[in-house]
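Read the figures in this text as sums done on the coordinates, not as results from a lab. Please read all numbers here as calculations on a predicted model, not as lab measurements. Counting neighbours? That spans all protein chains shown, and the Cβs are built from the backbone with ideal geometry, glycine included.
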Amino acid sequence: MWRTLRGDKVLFASTLAALLLVAAVTIGPPILSATLGHTSDEPFPYATDPIYRKPVNPLTKVYATTHEFTDETGYQRAAPPKGTDKTWFFAGADSSLGRDELLRLLEGGRTSLEVAFGGTALAMTIGLIIGMIGGFLGGFIDSAFSRFTEFVMAFPLMLLVIALGTQTDNHLDKITLGFLPQGVFALIVLIGSFTWFYPARVIRTQVAELRHREFVDAAVMLGAKNSRIIRTHILPHVLPTALVYITLLIPVNVLLEAGITFLGVGIHLPTPSWGNLLSTTWGTVLSPTAYDARRATVWLTLLPSLMIFITVFTFNQLGEGLREAFDSEARG
C-alpha cells in the first residue's frame, strides 16, 4: 500500500491534502483561537464599516475590543482608548457583527465534514448490509431488497430530505450525542437514510459475482455458515470498493449539507457551517437576500465556496486515485 501511495503522485497529493484539510478544521480552530486571542463568536465592532456595517476585507488588523466607543455626541464612532490592542482578521469579518471569518470558516468546515462523514458512515453501513445480504442469498430476498432499493431511488432526494427535515427539526435537532453541534445529528440521519442505495447496488453486484467463486464453494463444502462466509470471505473483497465509494460519497454529502442548509432546513445559526455561511450573505431560497455591495463583500461568497470546491475536488481525486490503485493491484 505504501509503495502504491508513493508511486502515484495524484493519490499521494490528494491523500496528504485530505489529511491536512481534516486536521485544519478539527485542531485548527482552538489553536488559531488561542493564538489570536479571540473566538469565532466574539463580535468586533471595529471590524465593520461605521455607517453600513460592511465587514472588513482579508488581511486587516482591527481593534481587539467588543465595545464600540462614540464621541461626545453619542452618534459618531470614535477610536478606542490609546493602548487598545489590535488583532488580525486574516480572512476578514463575517458580517455586520464583525466576527472572525477565518475561524468561522474552519469551524463551519468541521460542522460540514461531521455531517459528511457521519452521513457517509450511515449510508455505507446500510448499503453494505443490504447489498451483501441480497447479493449473497439471492432469490426472493435479493428481489425484495432490489425492489426496495429502486423504490427509495425513485424519490427526489432534495425534496424528500427538505420535507422530512422540516418535520423532524424540533425532535432530532436537539440530539447532540454529547459532542455534536445542534442540527448535525438530524442531517446525518436524513442524508445517510437516503444516500445508501448506490453503494448497495454496487456491492450487491460484486457479492453476487463473488458467491459463485471457488473459494466460496470450498467454504460451503467445509460446512461454514453463511455469516462466517460473508464475514471472512466476502467482506474483505468488497472493502476496497466500499473504501473508494466512501471517498466519493463524502464530497457529495458536503454539497448536500450546503444545499440543504441554503434551502433553510439544515444547520441553523449560531452553529457555523459552509452552507449557512453562504446563506448569511444571500439568505435562503425561501427568504432570499438581495446582494448589497455597501453592506457585504465578495469574500463572504468566495471563501466558503472555495472551501467547498477544495474539499469536493480533494476527495474526488482521492477516490479516483484509490480506484486506479485497487484496479492495478487486481490486474497485477
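Structure data summary
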| read-out | value |
| --- | --- |
| Extension gain, His67 back to Ala290 (0.36 nm per residue minus Cα-Cα distance, nm) | 77.4 nm |
| Stretchable slack from Asn57 to Phe215, in nm (0.36 nm times residue separation minus alpha-carbon distance) | 50.6 nm |
| Lys/Arg +1, Asp/Glu -1 at C-beta; the chain dipole; positive extreme among Ala325, Ala116, Leu159 | Ala325 |
| Under 28 Å between alpha carbons - lysine pairs in the chain that sit 8 or more apart or on different chains | 4 |
| Magnitude of the charge dipole, the chain, Cβ model with Lys/Arg +1 and Asp/Glu -1, debye to 20 | 580 debye |
| Cα-based helix-to-principal-axis angle, 139-153 vs the chain, degrees rounded to 10 | 20 degrees |
| Pairwise FRET efficiency - Ala154 versus Tyr75, Cβ, R0 = 41 Å, nearest 0.05 | 0.10 |
| Value of Rg/Rh across segment 180-314 [Cα atoms, Kirkwood radius] | 1.21 |
| 10 Å binning of all Cα-Cα separations within the chain, expressed as whole percents from 0 upward | 5, 21, 26, 22, 13, 7, 4, 1, 0, 0 |
| Theoretical gain in end-to-end length, His237 to Thr35 [0.36 nm per residue, Cα-Cα removed] | 68.0 nm |
| Rough spin-label spacing in nm, given labels placed 7 Å along Cα→Cβ, for Val10 and Ile310 | 2.1 nm |
| Computed over segment 35-128, the ratio Rg/Rh where both radii use C-alpha atoms and Rh is Kirkwood | 1.22 |
| Taking the convex hull of Cα positions in segment 3-51, its mean projected area over all directions (nm²) | 5.6 nm² |
| Charge dipole (debye, nearest 20) of segment 22-74; +1 at Cβ of Lys and Arg, -1 at Cβ of Asp and Glu | 280 debye |
| With 10 Å bins from 0: P(r) over segment 183-252, alpha-carbon pairs, percent | 17, 40, 26, 14, 3, 0 |
| Length-normalised contact order of the chain in % [C-alpha pairs under 8 Å, at least 6 apart] | 21 percent |
